[in-house]
1. Tell me, what HN-Hα J-couplings in whole Hz come from the Karplus equation 6.51 cos²θ - 1.76 cosθ + 1.60 at θ = phi - 60° for each residue of region 86-92, using x for Gly and Pro?
2. Can you tell me the FRET efficiency between Glu109 and Lys47 if r is taken as the Cβ-Cβ distance and R0 is 41 Å, rounded to the nearest 0.05?
3. Between Val164, Gln34, Ile63, whose Cα lies farthest towards the positive end of the dipole of the chain when Lys and Arg beta carbons carry +1 and Asp and Glu beta carbons carry -1, centred on the Cα centre?
4. Give Lys38/Lys95; Lys13/Lys94; Lys12/Lys94; Lys16/Lys141; Lys16/Lys94 a once-over and call out the pairs whose C-alpha atoms are over 31 Å from each other.
5. Only one of the values (1) 15.6, 42; (2) 17.9, 61; (3) 17.7, 74 was calculated from this structure for Rg and Dmax of the Cα atoms in Å; name its label.
6. Give, rounded to the nearest 20 debye, the magnitude of the charge dipole that region 5-177 has about its Cα centre when Lys and Arg contribute +1 at Cβ and Asp and Glu contribute -1 at Cβ.
7. Provide the FRET efficiency to the nearest 0.05 for the Asp70-Leu168 pair, computing r from the beta carbons and using R0 = 30 Å.
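What follows draws every value from the coordinates through simple rules; no lab data is involved. Computed from a predicted model, the values in this text were never measured in an experiment. Glycine also receives a Cβ, built like all others from the backbone with ideal geometry; neighbour counts cover every protein chain displayed.
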Amino acid sequence: MFYRFYFITDRKKFKKPFLDTIKEVLDKGIRLFQIREKDLPDNELFKLTEDVLKIAEGYDVKIIINSRLDVALLLNLDGVHLPENGLPIEPIKKKFPNLIVGKSCHSLECGIQAYQDGADYIFISPIFQVEGKAPPIGVEKLREIVNKLPLPVYALGGINKFNVQSVLDTGVYGIASIRYFLD
């Protein structure tokens, strides 16, 4: 159902124009995208997401949007990704059972709750030190979480070519990142 590599957009971190970056990542074979442009006004986010959909035509790609259930439904996206304190999963899955719903978590307890509420996958983060983020949980805690949850767990936060293998060795379902797929 899901791809192992999950690209998250952040145009402020892109060296090239946004749509050129999307095309480049598609050409690298990444097929799971999250539009995460939290600072854009509604109309600009809507237009940007439409543009991503146009570029993604012909690719077998799943497009998920961060927090914006309304945009996901209006543009017939594959899913919505919720922050840890975002909308509740259960009513979304009840009303829109075919919509992929993911959740950001920073603990096993959050992951268990997300699973019980019907999440299709979760992010666990940050794995490694990331400036401005909570203290890292590390690969051993990640392994513990992965082993206790029966849903896909994506690792996020500070993952690079030097530590990616240690993350994969935990049994994590996949890697979610902005920068990792741009290098």
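1. x, 4, x, 6, 3, x, 5
2. Efficiency at R0 = 41 Å is approximately 0.60.
3. Farthest towards the positive pole: Val164.
4. Those over the limit are Lys13/Lys94; Lys12/Lys94; Lys16/Lys141; Lys16/Lys94.
5. Here the calculated entry is (1).
6. 200 debye
7. FRET efficiency, Asp70 to Leu168: 0.30.
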